[in-house]
Amino acid sequence: MSRRLKIINIVGARPNLPKIAPLMREMQRHPEIEPILVHTGQHYDDNLSDIFFRQMGIPEPHVNLEVGSGSHASQTAEILKRVEPVLLEHSPDLVIVVGDVNSTIAVGLAAVKLGIPLAHVEAGLRSFDRTMPEEINRVLTDALADYLFVTEEDAIQHLLNEGRPRGSIYFVGNVMIDSLRHFLPMAQKSRVGEELALKNGPDWKRFGVLTMHRPSNVDSIAKLAELLRAIDAVAAQVPIVFPVHPRTQQRLTQAGINLHPQLRLIPPIGYLDFLCLLSKAALVLTDSGGIQEETTALGVPCLTLRENTERPITISEGTNLLIGTDPGKIVAAVRDILAGKGKAGRIPQLWDGHAAERIVEILLRTLPREKAP
Ligand code: UD1
């Protein structure tokens with residue numbers, strides 16, 4: 001007898017939300033699917049979690065595991081322990097995890113140990129930097145998943161090199177860019193430009209956006225101070241808006257550094273305001289993974305404050321430049337961009353707003369729908 005497919009979707013941290021939103025929306029269009037949403041509670045602040053649910057119309061999670069913050073081991077272990085009874089209760093046909101955060105690997109591991117099929121959205125990305133916690137999460141989740149949905153072609157080769165079967169790899173595009181395309185018209189109506197005095201009537205002033213939260217950049221106060229000295233020199237050339245992640249805020253408070261008045265620190269902001277700022281910025285400085293992709297999709301020059309990236313297509317095809325953390329290089333690259341010499345870039349293949357549709361179509365075609373006898 002044919003029946004509805006029960007699919008559990010997992011979110012935990014902020015970057016998961018724009019990835020799950022289009023998947024939930026697409027699944028809800030198909031009566032053959034019963035989508036269930038589980039929040040691990042890895043992120044719990046309103047401005048890192050709830051505001052994204054409200055703005056993107058993500059349904060209220062069926063369950064919130066409320067794991068909160070902790071060391072990598074304790075956070076991962078807590079998620080494993082708390083999600084197991086939820087998986088047992090629902091006995092889903094599939095669990096979907098996205099991205100590379102601790103919630104991704106923890107739930108993935110719990111699911112496969114119970115014999116539940118697992119899908120990993122954004123599979124195969126590799127920085128080849130094992131000191132990055134996310135790299136460990138990526139490699140391990142990909143080793144477990146039955147469905148490997150990839151955003152760029154390089155990822156296919158990485159998965160094959162790690163011995164993953166070709167038949168489990170699907171090049172579907174980028175669900176985060178689905179969200180960007182869907183919400184961009186709404187984001188353009190944001191009042192954030194007026195609120196931050198970045199607009200003169202209808203005209204935007206020239207400004208940059210900075211985000212920084214990677215442990216390798218912010219956990220050491222000496223490193224953070226060095227980076228901020230470079231950013232100070234940038235802020236002398238162009239005003240910079242800096243929504244500060246809680247991890248970075250803790251270090252900034254401890255460091256007590258004086259910053260250039262044109263470097264404007266604000267609390268984390270919601271998806272629509274942030275997308276609005278990104279789309280209007282003259283340049284973006286970041287150590288985030290997702291923002292490298294969003295700037296490429298928007299055609300906005302991006303300087304990545306890291307030595308490596310797991311998203312090489314943003315460099316080979318997009319607007320991204322891997323600049324590292326050397327102050328001299330950062331300041332010179334900003335000067336080039338402001339002189340109109342930023343990378344133009346093009347939109348990568350299949351970053352067209354339809355990745356979630358492709359994923360759901362594949363699942364409907366391949367997941368067994370007959371009840372086991
Ligand atoms: C996590 C992800 C990272 C992702 C980032 C996006 C892992 C290993 N890391 O890093 O890949 O890019 O989210 O934001 O999963 N905190 C709050 N409020 C919250 C959540 C956290 O104040 O709602 C504070 C806590 O003090 C916590 C610190 O931020 O200790 C760091 O949070 P945590 O979830 O450990 O890692 P992130 O740095 O956010």
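The values are calculated or read from the model by the stated rules, or taken from the named source; none is laboratory data. These numbers come from a predicted model, not from an experiment. Don't worry about glycine lacking a Cβ; one is built from the backbone with ideal geometry, like all the others, and counts go over all protein chains shown. Protein only, heavy atoms only, side chains kept; ligands, DNA and RNA dropped before computing areas. Shrake-Rupley method; radii C 1.70, N 1.55, O 1.52, S 1.80 Å.
Assorted remarks:
- Spatial separation of Cα centroids for the range 82-122 and the range 157-216, in angstrom: 25 Å
- Label sites at Ala255 and Leu140, each approximated as a point 7 angstrom past Cα along Cα to Cβ, lie 2.9 nm apart.
- Anchor Lys199: lysines whose Cα lies under 19 Å away (excluding residues fewer than 8 positions away in-chain): Lys189, Lys280
- Beta bridges per DSSP with both ends in the chain, % antiparallel, nearest 5: 5 percent
- Solvent-accessible heavy-atom area per residue, rounded to whole Å², over the chain at 1.4 Å: 41 Å²
- Counting 0.36 nm for each residue step from Asp219 to Lys341 and taking away their Cα separation leaves a gain of 40.7 nm.
- Accessible area of the chain belonging to carbon and sulfur atoms, whole % at 1.4 Å probe: 53 percent
- Over all projection directions, the Cα-based convex hull of the chain averages an area of 17.9 nm².
- Reported to the nearest whole Å, the Cα centre-to-centre distance from the range 271-338 to the range 13-80 is 26.
- Residue among Val121, Ala356, Val101 farthest towards the positive dipole end of the chain, charges placed on Cβ: Ala356
- Estimated FRET transfer efficiency when R0 is 51 angstrom, pair Arg365-Asp129 (beta carbons, to 0.05): 0.90
- The GluC sites (Glu not before Pro) found in the range 147-240 that occupy coil by DSSP, while having at most 14 further C-beta atoms within 10 Å, are Glu153, Glu162.
- Those lysines that a straight Cα-Cα span of less than 22 Å connects to Lys223, excepting residues fewer than 8 apart in one chain: Lys329
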